[in-house]
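A quick write-up on the structure given underneath.
The values are calculated or read from the model by the stated rules, or taken from the named source; none is laboratory data. Because the structure is predicted, anything quoted here is derived from the model rather than measured. Cβ atoms come from the backbone with ideal geometry, glycine included; neighbour counts cover every protein chain shown.
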Amino acid sequence: MKNMRGLVFWPTFIFLAFVVVFSFIAPESVSLIANRLKGVLLNGFQNLYGWAGLGFFLLLIVAGISPLGKVRIGGENAKVLFNFWNWFSIALGTTTAVGILFWACAEPVFHMSSPPESLGLTPNSEAAGRFALSTLFMHWTLIPHAIYT
């Protein structure tokens, strides 16, 4: 507890406690506020999310092939614990692969059978299938993996 940073922990804890208590008192209001906030964030920053994802992907490539990729964390005398492929396997296994085991199989079925109402797609139609697969590729390809890494 003595290593805890109060300026980080307490405001976050108080805000979270307020939201939890308020969600028990007025769940409809919390849902309305959360949905409005989600709409503002997704609509207002839509392009930023796409460009940021591409930026993370390019940054990962540049860091990997530049001299920055040879920097040893821990100083010059630090010993390497894992080689490149071990690190790659750890990153893949702890982020993308775990999600793929379940959600990458279930997500297209979910989106095809119940696409968002805002898109006006008929469930189980060809258009819903295209949407489901495009969403799958958006969520489970190299750019999300670059963001996780």
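Would you confirm, using the coordinates I've provided, whether LEU119 is over 30 Å from PHE18 (Cβ atoms), touching a Phe, Trp or Tyr at 6+ places or on another chain (Cβ under 8 Å) and of a type in the set (A, V, I, L, M)?
yes
Among the residues of segment 118-141, just one is within 23 Å of LEU54 (Cβ to Cβ), assigned to a loop (DSSP other than H, G, I, E, B) and without any contact (Cβ under 8 Å) to a residue 40 or more places away in the chain, namely THR141. Within segment 8-26, the set of residues being part of a helix (DSSP H, G or I) and over 26 Å from the mean Cα position of the chain (by Cα) comprises VAL21, PHE22, PHE24, ILE25.
Restricting attention to segment 64-89, the residues that are modelled with pLDDT of 85 or more and in a helix (DSSP H, G or I) add up to 4. Only a single item in (1) in a helix (DSSP H, G or I); (2) more than 30 Å from PHE137 (Cα to Cα); (3) basic (Lys, Arg) is not met by LYS38, and it is number (2). Candidates PRO144, PRO115, PRO108: the one that is at pLDDT 80 or above, surrounded by 12 or more Cβ atoms within 10 Å (Cβ to Cβ) and assigned to a helix (DSSP H, G or I) is PRO108.
One residue is enough: does segment 94-101 have a residue meeting the conditions assigned to a helix (DSSP H, G or I), closer than 24 Å to ILE143 by Cβ, over 22 Å from the mean Cα position of the chain (by Cα) and not basic (Lys, Arg)? Taking every residue of segment 94-101 in turn, none turns out to be assigned to a helix (DSSP H, G or I), closer than 24 Å to ILE143 by Cβ, over 22 Å from the mean Cα position of the chain (by Cα) and not basic (Lys, Arg).
Here VAL40 clears all of (1) of a type outside the set (Gly, Ala, Ser); (2) under 14 Å from the mean Cα position of the chain (by Cα); (3) not assigned by TED's automatic domain parsing to the domain that holds TRP140 except the condition numbered (2). Look at GLU76 and say whether it is of a type in the set (Asp, Glu), surrounded by 10 or more Cβ atoms within 10 Å (Cβ to Cβ) and either over 30 Å from PHE131 (Cβ atoms) or touching a helix residue (DSSP H, G or I) at 6+ places or on another chain (Cβ under 9 Å) (or both). Answer is no for this residue.
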